[in-house]
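Heads up: the structure comes next, in C-alpha cells.
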Amino acid sequence: MSFIQRVIPNFTIRRVAHTAAILGSIALLAALIVYLSESALTTPVFVLLVIGLGGLSIWLVLAPDELRDWLMGRQVYYGIGSFILTLIVIAIATVGYSLAVEQNVIIDLTETQNYTISQPSINVLENIENRLRVLSAQAESAGIESDLHFRLVGFYTREQLRDQKSAEFLLRQYVEASTAGLRLEFYDPDVNPLLARQFGYSVIFDNTQITSGPIFLALYDGDQLLTVENIGEPTERNVQNAMLRISLAGEFKVYFIQGQLEADITIESDVGYSAAALILRERGILVDTLRLQDVEAIPEDATAIVILGAQAPYSQAQVDKIADYIERGGRMLVLADPPYADSRDSTLPNRFMLEGDSFNTYLWETFGVRFRENLVADPASSARNEFILTGLRVNTGSPPLRDFQNVPMVMTLARSLDIVEQPTEKQAEYVRSIMILAATSAFGERNLQVVDLGNLSEFDPNVDDAGDQVLATAIYRVNELEQEVQPRIILIGDSDWLANLYISPEDGSDGVLGNILLWANIAEWLTGYADLAEIDVASRPDLLPLYATSKELSRIQFITLFILPSIVLLVGGVVWVVRQRI
Amino acid sequence: MRNIWTIFKREIRQYFVSPIAYLVAFAVLLLLGLSFNTDLDYRVANQLRPDATLVLSNFAFLMVFFAPLLTMRLFAEEAREGTLELLMTMPTRDVDLVIGKFLGAWVYYCVLLALTLVFEGALLSITNFGPEGFPLRSRVDIGQIIAAYIGIFLYGGATIAIGLMFSAMTENQIVAAFLSMAVLLMLWVGDIAGLVPASILSTEVVEALRVISLQSHYSSSFLRGLIVLEDMYFYIAIMVVSLFVTTRLVESRRWR
C-alpha cells in the first residue's frame, strides 16, 4: 500500500481523473458565465479557463481509455449525429427568426388602431419631408452643402426595453413610409446622458414608477442636431402633432384681449393663467396681447382672439371691432364669469356680459346665444360646495370636442348660456353646438347674493333658471366648408377652469386632465390646427375609469370565485368516484 | 397521422379521467379568480381604467409552474413504469409518439384557457355590455383581448413543448418538473433582465436574454393587441426545436 493510499484510503488514479474532469468542467462553465456577464476576456475568465482546460487535460492523461471508450461508444456515435442535426434545426430556426424580423409584418387588432399609422399621418410626413427638400434645394443653390433629414429618437433605459419594443412597432411604420430617409434610433439615457440632455430628455414619473421613455423628432444636418420636438408617449397622434408643430411653427397667432380687467396670462401662481398661454406656445402657436382701444381693427395676423374673464363691459366701439373681425372670418373665445364679485377682484362686481349690454346683445342678435345673469348651482355636486361643478356632461359630437377623451373635468362659479329656440334668418346662418352641460341636478341661481351670504342655494321655480344648464357652446357657419369665410366662436360661462390651478398647479401635480384637454381641444379647433391633425380619436371610452356597482362586483365574485372553481372540482370528484367504482 | 391521432386520444383520455388535471384546473382558476377580483375592486375604488389582459398575464405566469405539472408524467412516468419501451416496440414512429403526447397536453391547456373566458365575460358585463347611463361605462378593447388569447395559445404550446422535452430526459417526474420549471422561470424573467445592474449583466447579454425570453414575445405585442410575425414565429420555432430534441431524446433509448 502506497503512502497516498494510507492517507486517503479510497485513492485511485481513476478517482483523481474523475475529480479533475468534474472540476475542469465546472471551471469552464464558470468561465463562460463570467465572460458573458463581463463581455471581456478578464483575468478571472483566463484563470478559470486555465483551471478548466488543466482539469480536462489531467483526465485525458490519467484515464485515456475512458475517452477512447466514450468516443467509440454507440451512444456517442448516434449522439453526435443527433447533436449535429439539432444544431442544424436551431440554425434554421434562428435564420427564420431573423427573416421574420426583417419582414416587419404586424397586424394591429386594437379597436382604435393604436399601432397603425393612418393616411393623414403619412400625408403630414410627406408634407414635412417636401419642405425639407425645398430647404435642401435652397441651400444647394446658395452653394451650401447640406444633408437635412429627420430622425425619430427614443430614450429608453435597460429597464424599459419592453416599452421600447412596443414603441418600435409604431415608429418603424414611419420609417417605412418615409421617402426622405427618416431614421429611427434608440439610446439608453444612462449610457448616453449628454445626448439625452441635449434632447431635453427627462424621466417621467408616475408616483415612483418610470412610466415611459420619451420619443423625439429631431432635424439634423449631417450629424449636427438643428431642432428637436418632444413627441412624448409614442402614439400616432403625438407623432403627428410633433410633425405639425415643426411644419406649422409660427403660422398661427392668438391674441389675448386686455383693457377691460381681463385675466393676466403672465401670472404664474395658481390663480394666474400663464399655463394657458404656455400650452399654446408648446403647439407652435404664437401668443400676444391686444388692447382694442389702441387699434383701429383687430390685426390680420390674428388667427383667434381670447377674451378671458373680463370684469368690465365692452363699449359699442369695441364690439364693432370684434364684429368686423368675425365678419372677416375671425375666431373668438369668450370666457365670462357670473356677474358676481369673484375671488380675483372682490371689490368690484363683475359687469361683463350683463343681459342687455352691447356685447351680449350682439351675440344674441347675430348668433342666437347670450350669457345669462345667473350662477349655476348643483346640489348633487360631489365637490365641497354646490358651485364647484362636477359630473359635467360633455358632448363629444360637438366639433371642438371631437378629440375629447371622457375624463373628469371641473368648473367653478359658472354662469349658463341662453340659446335661441326659433332662430331669425340671420341667426339661422350659424350652427349652435352645445359643448358642455352641467349635471342634470343643476339649476341657474338668479339670487347672486347667496354666495356672499354663504347660504346654500335652493331652487326657486319662479325666479331661477330651470332645465339643462348650458355651460359652453360652439358657433360656426352652416355648411362651413362651402363658405368663403369661416368664423368660429366658443362661449363659456366660466374662466376659472382655465386657471393654472386646474391646468398646471404650482405643487407639481397634474391638474385636472379634463380641463387640460378641453383647452387643448378648443385651441386646436379655433385656430384650425385640428383640421390639419386629422386623426380621428373622437371617442376613447377605453380611457374611462372602471365603474361597477357593489351588486355587480358581488355577482362577479360569486361566479368567478365560487361557481367556476366549484364546477371544476365537482366534475373532478365525479370522475374520481366513477374511477374508484370501475 | 393515424398513430398521432391514436396517441393523442389516449393522452386526452388520461387527462380527463385523472383527478390531478381537475385539481390543477381548480388551483389555476382559484388563483386567477383571487387576482381578478382583487384587481377589479382596486380599479373601481381608485377610478382606474379596466385591464382586460390581467387574467391572461397572470395565467401566463402561472403556466411557468403548472405546465411542468401537466407534462412531467408524459414520458418520465412511461419510462419509470417500463411502458415506454413497450410503446417503442409498436409500429409507431418516435415523432408520432412525441407529437401525439404534445397535442394531448396542448388541448388540455386550451380547455383550461377557454375557462378563463368566464373572467373576460364578467369584465365585459360591467364595461362594453354594461347598463347604459351615468356614469358612463368604460370599454375594454375586444381586439386586444383576441390578440392576447392568440399569443397565450402559442405561449402555452411553447411551455408544454419545453416541459415535454424535460420529461423525456429523465425517469423521475419530480426532477422533470423541477428542471422544466427552472428553465421556464429563467425564460420568463429574461424579459426583466434589464433590472439587473449593468455591473452584473452587460446590455448585450440583457438584449440576448430578452430575445430568448418567452414573456418578451408576448408582453410587448400580443398583450397590447398586436399580432407580430416574429413573435408568432418565435413560439412556433420553440415548439419545433423542443419537439425535435424530445424526439431525439426518445430515440436515444434505442441506442442504449
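I'd like the residue in segment A:318-367 that is surrounded by fewer than 18 Cβ atoms within 10 Å (Cβ to Cβ) and of a type in the set (Ser, Thr, Tyr) and, out of all such residues, is modelled with the lowest pLDDT. That would be A:343.
Looking at segment B:103-154, which of its residues are of a type in the set (A, V, I, L, M, F, W, C), over 22 Å from residue A:107 (Cβ atoms) and open to solvent by 10 Å² or more (accessible area, probe 1.4 Å)? Explain how you work it out, then say what you get.
Filtering segment B:103-154 down to residues of a type in the set (A, V, I, L, M, F, W, C) leaves B:103, B:105-107, B:110-115, B:117-119, B:122-124, B:126, B:129, B:134, B:136, B:140, B:142, B:145-148, B:150, B:152-154.
Still in the running and over 22 Å from residue A:107 (Cβ atoms): B:103, B:105-107, B:111-112, B:114-115, B:118-119, B:122-124, B:126, B:129, B:134, B:136.
Listed by number, the residues that qualify are B:103, B:106, B:107, B:111, B:114, B:115, B:118, B:122, B:124, B:129, B:134, B:136.
Of all residues in segment A:244-279, those satisfying the criterion of being closer than 17 Å to residue A:523 by Cα and in a helix (DSSP H, G or I) are A:244, A:245, A:248, A:274, A:275, A:276, A:277, A:278, A:279.
Give the residues of segment A:87-117 that are assigned to a loop (DSSP other than H, G, I, E, B), open to solvent by 40 Å² or more (accessible area, probe 1.4 Å) and more than 10 Å from chain B (Cβ to nearest Cβ), sorted by residue number. Answer for segment A:87-117, where residues must be assigned to a loop (DSSP other than H, G, I, E, B), open to solvent by 40 Å² or more (accessible area, probe 1.4 Å) and more than 10 Å from chain B (Cβ to nearest Cβ): there is none. The condition of being closer than 22 Å to residue B:103 by Cα and open to solvent by 10 Å² or more (accessible area, probe 1.4 Å) holds for only one of B:179, B:164, that being B:179.
Note on segment B:206-235: residues that are facing chain A (nearest Cβ under 9 Å) and open to solvent by 40 Å² or more (accessible area, probe 1.4 Å) total 7. Here is the figure for segment A:382-406: residues that are away from every other protein chain (no Cβ under 14 Å) and open to solvent by less than 60 Å² (accessible area, probe 1.4 Å) total 10.
In segment B:19-51, the residue that is nearest to residue B:141 (Cα to Cα) out of those that are within 7 Å of chain A (Cβ to nearest Cβ), assigned to a helix (DSSP H, G or I) and not hydrophobic (A, V, I, L, M, F, W, C) is B:43. Residue B:92 falls short on exactly one of the conditions (1) open to solvent by 10 Å² or more (accessible area, probe 1.4 Å); (2) polar (S, T, N, Q); (3) at pLDDT 90 or above, and that condition is (3).
Of the listed requirements (1) open to solvent by 40 Å² or more (accessible area, probe 1.4 Å); (2) part of a loop (DSSP other than H, G, I, E, B); (3) within 7 Å of chain A (Cβ to nearest Cβ), residue B:240 misses just one: (2). Of the residues making up segment A:245-285, just one is within 23 Å of residue A:318 (Cα to Cα) and open to solvent by 70 Å² or more (accessible area, probe 1.4 Å), namely A:261. Has segment B:1-14 got any residue that is open to solvent by less than 30 Å² (accessible area, probe 1.4 Å) and within 11 Å of chain A (Cβ to nearest Cβ)? No, segment B:1-14 has no match at all.
The values are calculated or read from the model by the stated rules, or taken from the named source; none is laboratory data. The structure presented is a predicted model; accordingly, all values stated were derived computationally and were not measured. Don't worry about glycine lacking a Cβ; one is built from the backbone with ideal geometry, like all the others, and counts go over all protein chains shown. Each accessible area value is taken on the protein alone, full model and side chains, heavy atoms only, with ligands, DNA and RNA left out. Shrake-Rupley method; radii C 1.70, N 1.55, O 1.52, S 1.80 Å.
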